[in-house]
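I have placed the structure first, in the form of C-alpha cells, so that the comments after it can refer back to it.
The values are calculated or read from the model by the stated rules, or taken from the named source; none is laboratory data. Nothing here was measured: the structure is a model prediction, and the numbers come from that model. Glycine gets a Cβ as well: all are built from the backbone with ideal geometry, and neighbour counts include every protein chain shown.
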Amino acid sequence: MKEQSKQPVFWLVLAVGLVLLALVLRFAAHIYTPAYVIGVAGLCVGGVGLWKIRKNWVAVSGALVAAALVLRFALRGYAWWGYALLFVAALVVLHRFLPAVLWKIVVVLVCIGLGYFCFVESFIIKNARTDPEPERDYLIVLGAAVYGDQPSLTLVRRMEGAMDYLARYPDSVAIVSGGMGPGETVTEGEAMYKWMTAHGVDPSRILVEKEATSTEENLANSFAIIRSRGDAPQGKVAIVSSAYHLYRAKLFAQKLGVDDTAGVAAPWGYFFVMLNYFIREAFGVTHFWILGN
C-alpha cells in the first residue's frame, strides 16, 4: 500500500521536472522544438499522475490549476489549453460540492456549451484551407506579432504562405498589413517587407500598410490602397493568414463590402500551438457574430 501511495507522487514529480526542463530550454537556452516536446511530455506524465490520484479531488484540482498556470504564463502559445484545464478544475470542485440536482444542471449546460463550440469550429475548420483557384490581383498578408524587430513564428508562417503564392502567381501583388503593437520596434508591415525582400521577393511586388491594429483595419486599409491604385477590391483580393483565422478574416471582408475573397492558408506551426488558437478562435467568431467586430 505504501508503494502504491508513492506512485502518484513519482509521476507528478517527474512531470514537474520535465516541465521545468522545458522552461529552461525555452527561455534560458532558447532551444524551442525540444522544449515544446519535453513540455508536452511533462503534461502527459502529469496526466498519468492525475489518473492515479483521481479519487482525491483536492490533489486533482490543484494539479490541474498548477498545469494551467504553467501553460498560461510560462509557455507562449498554450494559454487556451491553460483555460481549458482551469475549466476542468472548476468542474472537479463543483462535482465535489454541488447537490446532485445542481450538478445535473451543470452537466447539461456543459454539454450545450460543447455542442455550440463544435458548431462554431465547423465553420472555422471548413475554411481552414486554401480555396480552390485562389489567384487574384492582390494578396493581403495579415500581420501578427513582432518581437522587437523580429517576426514571430506565426508571422513567418504567413509570409512563407505569401511567398509561395507570389511564386505561383507572378502577376499578383502583395499588401503586407500591420501597425506597431506593444513590444514592437517596427511596424508589422515594415517587418514583413524587410523579411520578404531579404528572402528574394521583388520589392516592386510588395505594398506596405503600416497603420492597422486589428484584422478589420488590416482589410479596410488594404482595400483603400487598392482603390487608390484605381482598382476595386471586389473579386480581386486573396487573404493569407493562419488557417484558423481565415473564416473570421472573410467575415470582416464581407462586413466591409467585399464578399468575394479567396482564402490562402499559411503553413501550420507547432501542432498543439495551432490547436490552442483554434480553441481561441471559437470565442473570436462568437464575438463577431454577436457584436460584429
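What to note about this one:
- Extreme residue, nearest to LEU166 (Cα to Cα), among residues of region 243-272 that are in contact with a Phe, Trp or Tyr (Cβ under 7 Å, 6 or more places away or on another chain) and assigned to a loop (DSSP other than H, G, I, E, B): VAL258
Each row is one residue, and each column tells you yes or no for (1) in the same structural domain as MET274 (by TED's automatic domain parsing); (2) free of Cβ contacts under 8 Å to residues at least 40 places away in the same chain; (3) among the hydroxyl-bearing types (Ser, Thr, Tyr).
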{"position": "VAL70", "(1), (2), (3)": "no, no, no"}
{"position": "ALA74", "(1), (2), (3)": "no, no, no"}
{"position": "TYR78", "(1), (2), (3)": "no, no, yes"}
{"position": "ALA90", "(1), (2), (3)": "no, yes, no"}
{"position": "VAL93", "(1), (2), (3)": "no, yes, no"}
{"position": "LYS104", "(1), (2), (3)": "no, yes, no"}
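Every residue, every condition in (1) farther than 22 Å from GLY77 by Cα; (2) not hydroxyl-bearing (Ser, Thr, Tyr), yes or no:
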site: VAL237; (1), (2): yes, yes
site: SER242; (1), (2): no, no
site: LEU246; (1), (2): no, yes
site: ALA253; (1), (2): yes, yes
site: VAL258; (1), (2): yes, yes
site: ALA266; (1), (2): no, yes
site: TYR270; (1), (2): no, no
site: VAL273; (1), (2): no, yes
site: GLU281; (1), (2): no, yes
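- Looking across region 1-19, just one residue is modelled with pLDDT of 75 or more and out of contact with any helix residue (DSSP H, G or I) (no Cβ under 6 Å at 6 or more places or on another chain), and that is GLY17.
- Of all the criteria given as (1) under 16 Å from ALA145 (Cα atoms); (2) more than 17 Å from the chain's Cα centre (by Cα); (3) of a type outside the set (Lys, Arg), the one not satisfied by ASP202 is (1).
- For first residues located in region 125-139 and part of a loop (DSSP other than H, G, I, E, B), partners that are charged (D, E, K, R) and lie 6+ apart or on another chain with Cβ distances below 6 Å form the pairs ARG136/LYS236; ASP137/LYS236.
- Qualifying residue in region 213-221 (condition: within 23 Å of the chain's Cα centre (by Cα), assigned to a loop (DSSP other than H, G, I, E, B) and either modelled with pLDDT under 95 or not assigned by TED's automatic domain parsing to the domain that holds LEU142 (or both)): yes
- Of the residues in region 188-203, not one is in contact with a Ser or Thr (Cβ under 6 Å, 6 or more places away or on another chain) and outside any helix (DSSP H, G or I).
- Selection status of ASN276, surrounded by 18 or more Cβ atoms within 10 Å (Cβ to Cβ), touching a residue at least 12 places away in the same chain (Cβ under 8 Å), within 21 Å of ALA84 (Cα to Cα) and of a type outside the set (Ser, Thr, Tyr): yes
- Restricting GLU216, GLU190 to residues that are crowded, with 19+ Cβ neighbours inside 10 Å and without any contact (Cβ under 8 Å) to a residue 24 or more places away in the chain narrows the list to GLU190.
- Residue list for region 156-178, restricted to those being closer than 16 Å to LYS236 by Cα, in a helix (DSSP H, G or I) and in contact with a Ser or Thr (Cβ under 8 Å, 6 or more places away or on another chain): TYR165, LEU166
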